[in-house]
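Take a look at the structure set out below.
Just so you know, all these numbers are worked out from the coordinates, no wet-lab data involved. This one's a predicted model, so the numbers in the text were calculated from it and none came from an experiment. When we count neighbours, we look across all protein chains shown, and the Cβ atoms used for this are built from the backbone with ideal geometry, even at glycine.
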Amino acid sequence: MRVKVNALILILVFALSSCKTNVVAENNIKQVVNSGDVILVDVRIPEQYNEATAKNAVNIPLAELDKNTDALKGKKVVVFCNKGIQADQAVKILKKNGVDVYDGTTWKNVKAIQEEK
């Protein structure tokens, strides 16, 4: 019985701490997206980018991101795509290359943040 109680306490601690982290991350991304010194990078293919994207976003497809990391160093960068999968990959690539990067998840999410102002 004691093992079950300890396991339950451990699960609750992890659950509560992850909720707090998500709230902090959500507030942080809103501040970054709305700051004046951010570069918004849509990592989708050009055809998708041309259909719709967030305001002032530049298009650097995920397949070309490795070639563009030097231009992004020293700047705050928010990456996003359609569902967040490519954005997650972009975050890993950019962090590995020393870029100050934030995951905006989807272009619709970033656009909604911009429209909240």
Interchain or sequence-distant (5+) residues whose placed amide H lies within less than 5 Å of the amide H of V78 are I39, L40, V41, Y102
In order over the stretch 87-92: 3J(HN,Hα) from phi, Karplus 6.51/-1.76/1.60, θ = phi - 60°, whole Hz, x for each Gly or Pro, gives 4, 4, 5, 5, 4, 4
Of the stretch 82-117, those with amide N under 19 Å from the point 7 Å along the Cα→Cβ vector of A52 are 82-87, 104-117
Placing each pseudo-label 7 Å from Cα in the direction of the beta carbon, K83 and S35 end up separated by a distance in nanometres of 3.1
In nm, the gap between the two label points placed 7 Å beyond Cα toward Cβ at N97 and E64 is 1.2
Filtered hits (aspartates and glutamates, Cα-Cα < 14 Å from K73, offset >= 8 within chain) -> D37, D100
